[in-house]
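Every number in this text was worked out from the coordinates using simple rules, so none of it is lab data. Remember, predicted model here, so these are calculated numbers, not experimental data. Methodologically, a virtual Cβ is constructed for each residue, glycine included, from the backbone with ideal geometry; neighbour enumeration extends over all protein chains shown.
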Amino acid sequence: MNYLFDILLRIALYTLIGFGANILVFNCGFLILNIGATVGLAAYITAILMTKLSIDFTLILMISMASSMLISFLLFRPILNLQGDRFSIASLGIQMVIISILNNLDGLTNGAKGLKIKTFASVWSWNINTKFELLPITLVLCLATYYFILWIQSIPYGRALQGIRDEVFTAKSLGKNPVYFNSLAIMISAGLLGLGGSLYCIYSRYLDPTAFGLDYSIKVLSIIILGGLGNVKNIFSGAIIIVIIPELIRVAGFSKADATALENVLFGIILLVILIGRPIKLNEILTQKQQL
Amino acid sequence: MNQLLINGICQGAAYGLIAAGFGLIIATSGVFHIAHASVCAFSAYAFCFFLNSISNNVFLAAFFALLVSSVLGIIIEATVYSTLRKKRSHDSVLLLASIATLVILTNILSFSFGEKPKSLFFGEIPKFYFRDAFISYAQITQILVFIIIGLLFYLFIKRTRFGILASAISQNPALASILGIRIERIRLLSIAIGSAMGGAGFILLVSETGVDPNRGMNSTVIAAVSCIIVGANRFIAPLGSALLLGILTSVLVFFIPAIWISTLIYALLVILLVIKPEGILIKKGRFEEK
């Protein structure tokens, strides 16, 4: 039973993170590669706050989401004007910078050895001790995020985002400032990724910088591309596939390191096959997108 | 300090070869070929494998390793990049495909050889004393190979038709294909040469320290930085800029802790992209587009 909860939790977490990345990739047409770093940073902030301060988890969640939003805004603001693949390359650079900082700050993050979290999160004096107790919280937040994303896409702000993505000059002539709209989208996305990171932190209770590397970004990108980009519901099915495949590999009886490597190979192949086989949607979004 | 300078020159020589190969590939193919890192790592593992299990002739092993990296480069270009280009993919999609290739190849290496660093040679490499610094024979080989391959590369770019064709493709692929240049063939040739140079540089780089699957990333980012510094469409200049960058990173160890150097280099990539975005490629579109 515990095993089933574990799988359900991981699916919910990946769905949540997929929602966060989907705003930038689909609604804005930015192919970001630093998803892993944003999630990891929020997870580390949560972990450090949990060990250093004994405050309510809702407060910790808010602080880590806010700091993740602020850091993403500050990092993305200078590179927002880069064209074509240069934006993606710059986000790749940001990913590697953050991961290597997390790796090097031995005093705070315990470096490559990994950070163990000993305290339990408490929400309104209710301790979250088991995965069974974490599951309802995650599911509620996941559902809330789903409706939040649908709401964003339906309000004028969401339509303005897609307008900026497809026809930047028309949007500009209608008085929509691309930098303002895209910065806000980046902050919303970073907030959701941060939420996912915080929940991941209390789920796994052990953080290690290599877990949030480029492999992680590729995994999340495969989730949102696998379901057919733009269809918010299908992110859920993408997450199911991404969680089930490694379990099948583990069942087949490989050692842990081998299974991780094999799993990454499979995800890379899945992504490559989708890109080569049916690149239409992603490609359409990216080629329609014009310079700010 | 002298020791750091000498180490820097040798390291920079290896980076120079990787950077020149990387520059040639991104100029002709128009892809930010980040999978170069794993191709380099593959060639080092091939070198290691050949020495350990087939024969202990270093020259044969080097030939085998360069062959492996060239073939791998050609496979990537022929199966991934050229197919995606035919589908008129956006540059970012090509980059994503390159990263997916990188993840696949790196994890194949760690699946089959393990995450732990593997040393290329057994035993101590002999050293001798010069002024107040040690120089090992591996370092002398690094500089010699850098000079030989650098000269060959210079002659190849400047004295053969290939150099002109490559720079024509990098400036305007559409015009080049109209004028009857066999653009796919040049791309395959340049990725083969670039991968072989990258493999050679990487084997020299890790000859003393040993290789692990993720080692290639750092040197590929240095290669990218040194290509952006000199600007697009310059094939010889990355040799020099990467040499300088290698010396700089080695000497910087004197002032800041060594672990922060790679962080600085990654940050430098982002900063350079912001202040000099035209450094990667001149062209605006690819010839299959529009």
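Sort B:186-193, A:232-239 by the packing proxy (mean of other Cβ within 10 Å over each peptide's residues), most packed first. Walk me through the intermediate numbers first.
Numbers: B:186-193: 22.4, A:232-239: 20.1.
My ranking of the peptides, most packed first, is B:186-193, A:232-239.
Each of A:Leu150, A:Leu4, A:Ile35 was placed along the dipole of the range A:2-288 (beta-carbon charges, centred on the mean Cα), and the one lying farthest toward the positive end is A:Leu150. Look at the dipole of chain A built from charges on Cβ: of A:Val25, A:Ala261, A:Leu221, the Cα furthest out on the positive end belongs to A:Val25. With the convex hull drawn around the C-alpha atoms of chain A, the volume per residue stands at 126 Å³. Put simply, the amide H of B:Lys118, placed in the peptide plane, has neighbours under 5 Å in B:Val211, B:Asp212, leaving out anything fewer than 5 places away on its chain. Each label point was placed 7 Å from the Cα along the Cα-to-Cβ direction; for A:Ile244 and A:Asp6 their separation is 1.9 nm.
Ratio to report: Rg/Rh of the range B:152-281, with Cα atoms as the point set and Rh obtained by the Kirkwood method; give two decimals.
Numbers: Rg = 16.7 Å, Rh = 16.5 Å.
Rg divided by Rh gives 1.01.
Take every residue in peptide B:262-272, count the Cβ atoms of other chains within 10 Å of its Cβ, and give the average of those counts.
Mean shielding by partner chains, rounded to a whole number: 6.
Each Lys and Arg contributes +1 and each Asp and Glu -1, all at the Cβ; summed about the Cα centre of the protein assembly as shown, the dipole is approximately 1120 debye. Per-residue Cβ neighbour counts within 10 Å put B:Cys10, B:Cys48 in the sequence B:Cys48, B:Cys10, beginning with the fewest.
Once you order the gyration tensor axes a ≥ b ≥ c over the Cα atoms, which shape class does the range A:86-205 get: rounded for a/c under 1.5, otherwise prolate or oblate by comparing a/b with b/c?
On the way: a/c = 3.80, a/b = 1.51, b/c = 2.52.
It is oblate, given that a/c is not under 1.5 and a/b is not larger than b/c.
Residue by residue through A:95-107, how many Cβ atoms from other chains fall within 10 Å of the Cβ on average?
Details: counts 2, 10, 9, 2, 2, 10, 4, 0, 3, 5, 1, 1, 0.
Mean shielding count: 4.
For the range A:18-169, the Kirkwood estimate of hydrodynamic radius, built from reciprocal distances between every pair of different alpha carbons, is 17.6 Å.
With +1 on each Lys and Arg Cβ and -1 on each Asp and Glu Cβ, and nothing else charged, work out how big the dipole of the range A:2-288 is about its Cα centre, in Debye to the nearest 20.
Numbers: 19 positive and 13 negative charges, 45 e Å.
The dipole magnitude comes to about 220 debye.
Ordering B:Pro238, B:Leu248, B:Thr160 by the projection of their Cα atoms onto the charge dipole of the range B:154-258, which places +1 on the Cβ of Lys and Arg and -1 on the Cβ of Asp and Glu, puts B:Thr160 at the extreme positive end. Going from the residue with the fewest nearby Cβ atoms within 10 Å to the one with the most, A:Tyr200, B:Tyr15, A:Tyr157 rank A:Tyr157, A:Tyr200, B:Tyr15.
How well do other chains shield peptide A:206-217, expressed as the mean number of their Cβ atoms within 10 Å of each residue Cβ? The per-residue average across the peptide is 2.
Helices assigned as whole DSSP H runs in chain A whose Cα atoms extend at least 18 Å along their own long axis and whose mean Kyte-Doolittle hydropathy is 1.6 or higher are found at A:57-76, A:234-251, A:256-277. With contacts taken as Cα pairs under 8 Å and at least 6 residues apart, the range B:1-100 reaches a relative contact order of 29 percent. Around the Cα centre of chain B, unit charges on the Cβ atoms of Lys, Arg, Asp and Glu (plus for the first two, minus for the last two) sum to a dipole of about 920 debye. Note on B:Leu96, A:Leu74, B:Leu144: ascending count of other Cβ atoms within 10 Å places them as A:Leu74, B:Leu144, B:Leu96, the fewest first. Within the protein assembly as shown, all pairs of alpha-carbon atoms sorted by distance into 20 Å bins from zero give the percentages 20, 53, 24, 2. Computed over chain B, relative contact order equals 41 percent, with contacts defined as Cα pairs under 8 Å that lie 6+ residues apart.
Taking every alpha-carbon pair in the range B:2-279 and binning the separations at 10 Å intervals from zero gives 7, 30, 37, 20, 5, 1 percent.
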